[in-house]
Amino acid sequence: MYRLDNSLVRGGRTIALVGCGGTGGFVAEGLCRLFRGTRARIILVDGDRVEERNLLRQNFYPEELGIFKAQALAERLAMKFRMPVGYALDPLMNPLEGQCGPRWRQLNPGLLVGCVDNAPARVAMHHWTERWSLGWWVDVGNGEEFGQVLVGNRPPGRLEGTFHEKEGICTGLPRPTDQRPEMLLPRPDELQGPNCAEAVVAGAQSPTINQAMAALALEVVRRIVEGTCTWMQVSLDLAAGTMQVTHATPEVVAQVAGVPAQALVYKTDGRKE
């Protein structure tokens, strides 16, 4: 069993959360709880403003209506947990000035958590991971009563020798958007149907799926940080009451990346198999 290398997170203590809506708002608060008292720096990224319909199921309050979601959460959570929380309005922009100060100008996240519900935002993160070195990318998505968490960090061409047999650790997995390339394409409902918030109002989405997925995503983050995570994919089905896990193995990655499993493994003598 291979564990995901947690030194990649320790080496870059910035945690960037992209998407602060249905799932992301709860993940943001959970990240503050997980990393409170550490030297971690948390930055929230979302360009949407809080709307009336968001109050039904998202982590916002009436007094925050009209404020940018990332800003509202960052200011409230920084005060609540007495820790620095930064914010930005776009994945490709530098964070805003303010209480965060200039130290947020350069993002090099050890951990990127994506909680977006549209293809353009995932495309931005996909390109973001090509511009900066990255520890791990944890991507969260959901439908009506089901959801998935995918973990990765590297393009397919940079996966050779990422499974270290002697230490039992994995330093590289295909990015979530390489595991599921269809996430980069707009869905039909994205083009003409309701968004996530509207779906809940219309009764087309469970009002609790976001909290459930936030809890699952935070469990993945906790395991990565503690060095106990062996998961590459986790799916949750509320209707069936089931959770399925895909462990990170050379065989699984070989199927996704289209490379021989032997090329992914470093043997005990330090050579690729």
Would you mind telling me which numbered condition in (1) buried (at least 23 other Cβ atoms within 10 Å of the Cβ); (2) modelled with pLDDT of 95 or more Tyr61 fails?
(1)
If the Cβ limit is 8 Å and pairs must be 6+ apart or interchain, which residue in region 224-236 that is under 19 Å from Glu144 (Cα atoms) pairs with which residue that is part of a helix (DSSP H, G or I) and aliphatic (A, V, I, L, M)?
Val234/Leu216; Val234/Val220; Leu236/Ala212; Leu236/Met213; Leu236/Leu216
Of the residues that sit in region 237-250 and are in a loop (DSSP other than H, G, I, E, B) and touching a residue at least 40 places away in the same chain (Cβ under 8 Å), which one is surrounded by the fewest Cβ atoms within 10 Å (Cβ to Cβ)?
Ala239
Considering only residues that are of a type in the set (A, V, I, L, M) and in contact with a helix residue (DSSP H, G or I) (Cβ under 7 Å, 6 or more places away or on another chain), look in region 167-186 and name the one that is surrounded by the most Cβ atoms within 10 Å (Cβ to Cβ).
Leu173
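The values are calculated or read from the model by the stated rules, or taken from the named source; none is laboratory data. The structure displayed is predicted, hence computed values, not measured ones. No Cβ is skipped: glycine too gets one built from the backbone with ideal geometry, and neighbour counts run over all protein chains shown.
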